[in-house]
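Here's the structure, in structure tokens; my notes come after.
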Amino acid sequence: MIQLDNVHVALKGFDLTIDELRIPKGFTVGCIGRNGAGKSTLIRTMMGLTVPARGDVLWDGAPLDVAMKERIGFVYDDLYYPKEFKVKALRRLFRSVYPTWNDSLYTELLESYGVSEKKKIKQLSKGMKMKTQIALALAHDPDVLIMDEPTAGLDPVVRRQFVAMLRDWMDAREDRTLFFSTHITSDLERFADYILLIDDGRVKFFLPIDEVEERFVLVRGTTNTLSERDQAMFEGVEWRGSQFTGLIDRSTHPIADDWIVERASLEDILYFLTEVTHDEARIID
Amino acid sequence: MKRALSIEWQTWRSYGGLYLLIFLFPLLFGVTFFGPISLFFFIMIFSQAWYNEQANVEQLELSLPVSRDDRLLARFLMYPMLLIVLGVASIVFVFILTQFAVWKEFVGPDQVASLTSGIPSIAFAWFGGMLLVIGLLLLVYTVFSFKWATIFIGVGYFLSIGLLLLAANVDMESNRTNGEVSGSIEVTGGWLSQLPVETAMLGIGTLGLIVYVVCFFLARLSYRRKTI
């Protein structure tokens, strides 16, 4: 389990505050939020790259150490290695630091992804860089996979292949954990167990995806059916002439009979919770 | 620690071909070997720092299973190790070259003599001096950024020249009129001139080593809290 308690990270012009967050072992957790919401900062904090001003980040009850890092695979939004280097330099680097490194698995993965080790990193496309990182992350058989915006910049076909591959990886062993940040919410609807929504450096909610789908609905109707009391219960609402579309948390508010109720996608939830009610900054329990 | 050194080594190894060219080029043209190695080292440090900062390599490296302390120690250990290896390699290289008559003619006999004389006495001072500059450079780069390291080396370069001229205050005129010709180098005038050459060399070498170690500990304090 990854545990964050009373964490405060202060960066130039941005701060991340997390009172309490428990990421359970054995599940896929999707972290969503707008660009600049704090997803990458959260990942860097979890990975020990960003040092919080206060608070604890614990992995299986202890601060992140070298032994724990051996069990983590990471994929970032870019391949952070000198662009002039050839891909084969990465194999040497990773092989020398991971005791569980599997050379033949790495070769197999690169071949299946069509990545040539003879190429320089700067010659790789965004998708190829991502696949290389995935191969690097998987070749030492990690228990936890941390991914920061891995699908950003990938075309829809590659994204689907990528999500399918992650699903296979999770299905292969029960104790594996996947933490996956993205602002492309449709990726997560296919396979996430939990959704963590971050906005403006704060956790809006962290809930099982079933509960998210159960609780949040879109309602549509005409404005003359709305009282002032009704308006206050929206998590977010958008007006178009005499029509409105709003997001409601069903667990706390009833829905009027004359409203049209629709399933809210993660994108709808993200939109209404972070854009429409941005100033209110409500936190959902 | 082995892993941290390995990370450091992989970077050096990937630049190997380029570095070899830079290293061999001035040597082949017969410049004294401490000069090219010094130049070579600063090119290496700067190119690495620049490439690393451009590619944000630290984000990847610090995600690997290596502690920050080990990572920094490896960085600080690699330079003295390479200085020793390259210093020894250069001496051997120059020695071999001096055995070839063609090269002697190409470079000139005076240059060959200057290349092969006085090596032990200045090697330690050179080693310490290099460590002093590299240590300060690594400290600035670790605590701040590549940009500040560049400014540091630029300002440091001009300051060093100025200070050396000021301290040495070599009275060339006086030497010429007295007709002093001796086996030892004696600098007249200024506080530096009061020191025997051997003592000055030992002092510079020791000072460099001490500064290098201090730089490591200062850099470590910052590196432990460094946020990416």
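For chain A, which whole percent of the accessible surface, found with a 1.4 angstrom probe, sits on carbon and sulfur atoms?
47 percent
Using a simple charge model, +1 on the beta-carbon of Lys and Arg, -1 on the beta-carbon of Asp and Glu, nothing else, what dipole does chain A show about its Cα centre, in debye to the nearest 20?
The dipole magnitude comes to about 1800 debye.
What ranking of B:217, B:127, A:94 comes out by heavy-atom accessible area, probe 1.4 Å, highest first?
B:217, B:127, A:94
How much accessible area per residue does segment A:142-285 have, in Å², with a 1.4 Å probe?
Ligands and nucleic acids excluded, the figure is 47 Å² per residue.
To the nearest Å, what is the center-to-center distance of segment A:119-179 and segment A:210-269, using C-alpha atoms only?
Taking the Cα centre of segment A:210-269 as reference, the centre of segment A:119-179 is 36 Å away.
Residue by residue through A:57-67, how many Cβ atoms from other chains fall within 10 Å of the Cβ on average?
The mean count of partner-chain Cβ atoms within 10 Å per residue comes to 1.
What is the gain in length, in nm to one decimal, between residue A:190 and residue A:65 on full extension, counting 0.36 nm per residue of separation less the C-alpha to C-alpha distance?
So the extension gain works out to 41.7 nm.
Only Lys, Arg, Asp and Glu count, each charged at its Cβ (+1, +1, -1, -1), so figure out the dipole size of segment A:122-260 about its Cα centre, rounded to 20 debye.
The calculated dipole for segment A:122-260 is roughly 720 debye.
Can you give me the solvent accessible area of residue B:214 with a 1.4 Å probe, rounded to the nearest 10 Å²?
70 Å²
Give A:88/B:2; A:69/A:131; A:25/A:122; A:12/A:122; A:12/A:131 a once-over and call out the pairs whose C-alpha atoms are over 27 Å from each other.
Violating the 27 Å limit, Cα to Cα: A:25/A:122; A:12/A:122; A:12/A:131.
What FRET efficiency comes out for residue A:116 versus residue B:155 if R0 is 51 angstrom and r is the Cβ-Cβ distance? Round to the nearest 0.05.
For residue A:116 and residue B:155, the calculated efficiency is 0.70.
Using a 1.4 Å probe on protein heavy atoms only, how many Å² of accessible area do A and B hide from each other, summed over both chains and rounded to 100?
That pair of chains buries around 2600 Å² in total.
Take B:82, B:218 and sort them by solvent-accessible surface of the protein heavy atoms, 1.4 Å probe, largest at the top.
Ranked from most to least accessible, the order is B:218, B:82.
The values are calculated or read from the model by the stated rules, or taken from the named source; none is laboratory data. None of the values given here were measured: they were computed from a predicted structure. Here Cβ is always computed from backbone atoms with ideal geometry, including for glycine, and neighbour counts include all displayed protein chains. Note: areas computed on protein heavy atoms with side chains; ligands, DNA, RNA excluded. Shrake-Rupley method; radii C 1.70, N 1.55, O 1.52, S 1.80 Å.
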